[in-house]
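The values are calculated or read from the model by the stated rules, or taken from the named source; none is laboratory data. What you see is a predicted model, and the numbers here were worked out from it, not measured in a lab. Because the Cβ atoms are built from the backbone with ideal geometry, glycine has one as well, and the counts that use them run over all protein chains shown. What goes into the accessible areas is simple: the full protein's heavy atoms, side chains included, and nothing from ligands, DNA or RNA. Shrake-Rupley method; radii C 1.70, N 1.55, O 1.52, S 1.80 Å.
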Amino acid sequence: PFPASQASVGLAQCAASLYDGHFITLAQNIVAAERANSVIRIGWEFNGHWFRWAAAGHEDAFVEYWRRIVDTMRSVDGARFMFDWSPSAGPNAMEAADVYPGDDYVDVIGLDVYDLNADPSLTPEERWDILMNQPYGLEWHRRFAALHEKPMSYPEWGLWPAGEGGGGDSPYFIEQMHRWTVS
């Protein structure tokens, strides 16, 4: 919804209401499709550097961008949307908590989790321990959601190719994620 160049331009423009019409139309279309109770995930993995809406260096604009979209979409008649705030797990370009838009603007606290770690010598158990205990890992997610009295979600989670820093085909990771999500 904003220019392919510079994230700061898009975030600032969205925060300044230049895209309200887009989000009103989107919300109207979702309501018209009888999906007024949808959970919507905007600006996902914002704490990384790989999307145009990356928040690092644009923290205030990201928070205002998020709030603006939520307010705009909720203003549509019949909308009963929930909004899922979902950073990427682990240390990234910035501290995810620095751009939490507030409890009035977040209904669900998500976390995108992949079996990804650059050290190929680690065992599946060591990889899991890192996912649990790293900054913005699974333990952080549970604590942060509880602090804000919000349900947790895992909008994206899965395996990552072994040759690209992941654990490859790891039954251990799948089993642990299952245990974690049902506990």
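For the chain, a crude dipole built from +1 on the beta carbon of Lys and Arg and -1 on the beta carbon of Asp and Glu, taken about the Cα centre, is about 480 debye to the nearest 20. Both radii are taken from the alpha-carbon atoms of region 79-118; with Rh as the Kirkwood radius, Rg/Rh is 1.05. Cβ under 13 Å from TRP128's Cβ, TRP128 left aside: what net charge do those residues give with Lys, Arg +1 and Asp, Glu -1? So the surrounding residues net to -4. Based on alpha carbons, the Rg and Dmax found for the chain are 17.4, 54 Å. If you line up the long axis of helix 124-133 against the longest principal axis of the chain, both from Cα atoms, how many degrees apart are they, to the nearest 10? The two axes meet at around 40 degrees. Here the accessible area is traced with a 1.4 Å probe on the protein chains. For region 75-153, carbon and sulfur cover 51 percent of it.
By how many nm would the segment from PHE51 to VAL39 lengthen if fully extended, with 0.36 nm per residue of separation less the alpha-carbon distance?
Working: separation 12, 0.36 × 12 = 4.32 nm, distance 2.05 nm.
Once the chain is fully extended between PHE51 and VAL39, it gains 2.3 nm.
Placing +1 on the Cβ of every Lys and Arg and -1 on the Cβ of every Asp and Glu, with nothing else charged, gives region 103-183 a dipole about its Cα centre of roughly 160 debye. Stretching GLU149 away from ARG74 to a fully extended chain increases their span by 24.9 nm, per 0.36 nm per residue minus the current alpha-carbon distance. Charge tally for SER88 (other residues, Cβ to Cβ under 13 Å; Lys, Arg +1; Asp, Glu -1): -3.
Count the net charge of all other residues whose Cβ sits under 15 Å from the Cβ of ALA162, scoring Lys and Arg as +1 and Asp and Glu as -1. Spell out each step's value before the answer.
On the way: positive: ARG127; negative: ASP115, ASP119, GLU126, GLU164, ASP169.
That sum, taken over residues with Cβ under 15 Å, equals -4.
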